[in-house]
1. How would you rank 156-168, 458-470, highest first, on the average number of other Cβ atoms within 10 Å across their residues?
2. Give me the extension gain from A238 to Q367: residue separation times 0.36 nm, minus the current Cα-Cα distance, reported in nm with one decimal.
3. Based solely on C-alpha atoms, express the radius of gyration and the Dmax of segment 1-82 in angstrom.
4. With the dipole of segment 498-555 worked out from charges on the C-beta (+1 for Lys and Arg, -1 for Asp and Glu) around the Cα centre, which of S508, S538, G523 lies farthest toward the positive end?
5. Mind checking the dipole of the chain: about its Cα centre, +1 per Lys or Arg Cβ, -1 per Asp or Glu Cβ, Debye to the nearest 20?
6. Rounded, prolate or oblate for segment 364-481? Axes are the square roots of the Cα gyration tensor eigenvalues, ordered a ≥ b ≥ c, and the cut-off for rounded is a/c under 1.5.
7. Nearest-5 percent of antiparallel DSSP beta bridges in the chain?
8. Could you tally the net charge around P133, taking each other residue with its Cβ under 10 Å from the Cβ of P133, Lys/Arg +1 and Asp/Glu -1?
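Values quoted throughout were computed directly from the atomic coordinates according to the rules given, and no laboratory measurement underlies them. Just so we're clear, the structure is a prediction, and the values are computed from it rather than from any experiment. Every residue, glycine as well, gets a Cβ built from its backbone with ideal geometry; the counts of neighbours run over all protein chains shown.
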Amino acid sequence: MDQAIASHKATRGSQWWRSGVIYQIYPRSFADSNGDGIGDLKGIEQRLDSLEKLGIDAVWLSPFYLSPQKDGGYDVADYCDVDPLFGTIKDFDSMLEKAHSLGIRVMIDLVPNHTSDQHQWFQKALKSSPGSPEREFYHFKDGLGENGELPPNNWVSMFGGPAWTRVKEKDGSLGQWYVHLFDSSQPDLNWSNEKVQEAFEEILKFWLDRGVDGFRVDQPHAMAKAEGLPDHPYVAEAGAGFIEGRENPPMWFQDEVHPIFRRWREILESYEGDRAMCGEAYVYPLSLMAKWVRPDEFHQTFNFRFLDAGWDPSKLFDAINESFEAFDGVGAPSTWVLNNHDVMRHRSRFGGNYGRATASDGVGPNQPQPDNELGLKIAKGATLFMLGLPGASYIYQGEELGLPEHTTLENKFRQDPTFARTGGQRVGRDGCRVPLPWDKTSSSIGFSETGKSWLPQPESYGLLARSVQEKDESSTLSFYRQALSLRKELALGEGSFDWVPGHLGPDSLGYENSGVQVIYNFGQEDIDLGSAEVLISSEPIVGGVLEKNQCVWLRNA
Ligand code: GLC
Ligand code: CA
C-alpha cells in the first residue's frame, strides 16, 4: 500500500477509554466458584484482586446472559437476566461493586445482531403467521422454487452451511425461512423495525442503571441488511464474508446502522460518568471504519487491521499508518488488539506462520503444530510493541500468563458450532477458550475446587499457573505487570506517535512516543542500542544489543 507516514499528536484528557487497557474476561473459563467446572460471576469477583495487581483499567465480560449456550452465550435468550450457569443478577451487582471498589471499570457484551432461537421474541414469531408483527422482529421470507423449498437468497453462514433455515408453521406444514448469519439457533433481528430499536434502548438503560461503564457491541456491522435481502454478489469467492475493495455485500456495514449508534451514544451520554461503547466492527478500509467512531457514534472499534497483520513488518507498518490517518481524522483513539476469544492465541499464532483464516478456524492435533517457544518470544515482543502505542489496548485473559492455544484438544470436547457445521473441517475456537490455570498445586490447576473443567487444560498450563508466575520476576506475568505499570507511569496511552527514521521496516520497526523509543527487531542482524537507557525489554538485553524478535522501550541518554 502506498501510504503516507503517520504521526499522531498527544491527546491528553480524562476519558479513560481513549488510553485505557481493557482486559477481556471470558466468564465460563475465568474462575469457577461452585465446582461445576464452568466459570461464573462469583469466581470473577473472587479473582478481581489479581487483575488489579496486573494493572488494567477495565474489564470487558463476554456474555453471561440467559442462554442455551449454543455459541458460548452469544445466543441470548434474555438480555436482562443472568444465566444460572454464571450466577444471579445479585452476583452481577456484587461483582460490579467489587470491581468499582478496586478502580476497575466494567464493560459488558451487547449482542444486537441476533438472539437465541429460545428468546421469547423468536418463540412468539414462530407461533405467529407470516406477515405478522411478531415475525417482523426477524427476517422471515418465503422460499424460492415452486413450493418455497429453496432458500430466499444465496447467503451462507459465518459458521459454515446455509444462512437460512425453514420453519414449520402452526399447522405443521413447511413454511417460511429465517436468516441467521451465524448458527441456526441465532436468528438475525430486523433492525429496520422500530420495535427492535426501542427494545434495545431499554436493554441499554437496564444495564446502565445498574452501573456498567459501557458495552462491547457484537457484530454491529451485520445489523443493517440491504433492502429486500438481495444475493451476495460474489459468495463463491467470499463465502459469508466480503473482499476489501470489492462491492459491499448486502449484509455487511450498511449505512443504515449509523443512526442507531448515534441514538445509543446519546443514551450513554445522558448518564453520569464516562460510559463507553466499543464496536466489534469488521469494517475495511479503516477510512470507512473511522465513520463508526465519529464523535457521536462508537467511542472505540477494535483495530482488527492490527490483529490481522499477523506479525509481518510491512503489514504492520501499513496498518499503523492507516490507523492514525483514519482515526485522527475523526478525533478517535485507535484501539489496538492482538487476542480475543475468537482467534488463536498469539503465542501459538506467531509460533507457526498461520494465516488469518487459520487463526479463526483454529488448529487441531492433525494440523501443523506451532513452535510455542518461538511463539512466546514473538508474542511478548508484539505485546510490548502494542502497549507502547498511543490509544486504548485490549488484552485477553490468559495472555498475561503466556498461555498457548490448546492445539491438541480431542474432537469429542469441541463445542464451537463451527466444528459441527463444517463437518470438522474447521476445528473452531475452543482452543483459545480453555479454563485459566490459577494454582499449580490444585486440581484443574486452580480453576475449580472439584477439578472439573468444561474443556480439558493442556499439560503445559501447569507450569504457567498464576501462582507460579507471581513468585517469579522473570515470568510472563511479571513482564505484563511491569509493562502495564510503565505504560501508565509514562502516560503512553495518551501520548504521541512518530516513526523513528532508520526503523521503517522490514528489518525493524521503531516509533517514538513521548520521549520513549519503541523498537522491534524483525531482522537477522542485532541492533546496537548505544547508550540509551533500557526501560523494559521483552527479553533480557545481552551485550547492549537488540536481537531478532526482541522489543525494547528506550529513553535517550
Ligand atoms: C462475535 C463474537 C463471537 C460470536 C459471533 C456471533 O464475533 O465475538 O464469539 O460467535 O459474534 O455472535
Ligand atoms: Ca461455576
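1. Details: 156-168: 19.3, 458-470: 17.5.
My ranking of the peptides, most packed first, is 156-168, 458-470.
2. Working: separation 129, 0.36 × 129 = 46.44 nm, distance 2.35 nm.
Result for the pair: 44.1 nm of gain on full extension.
3. 17.9, 55
4. Positive-most Cα among the choices belongs to S538.
5. Details: 53 positive and 81 negative charges, 111 e Å.
The dipole of the chain has a size of about 540 debye.
6. Numbers: a/c = 1.98, a/b = 1.27, b/c = 1.56.
Because a/c hits 1.5 or more and a/b fails to exceed b/c, segment 364-481 counts as oblate.
7. 55
8. Values: positive: K124, R135, K195; negative: E134, E136.
Neighbourhood net charge equals +1.
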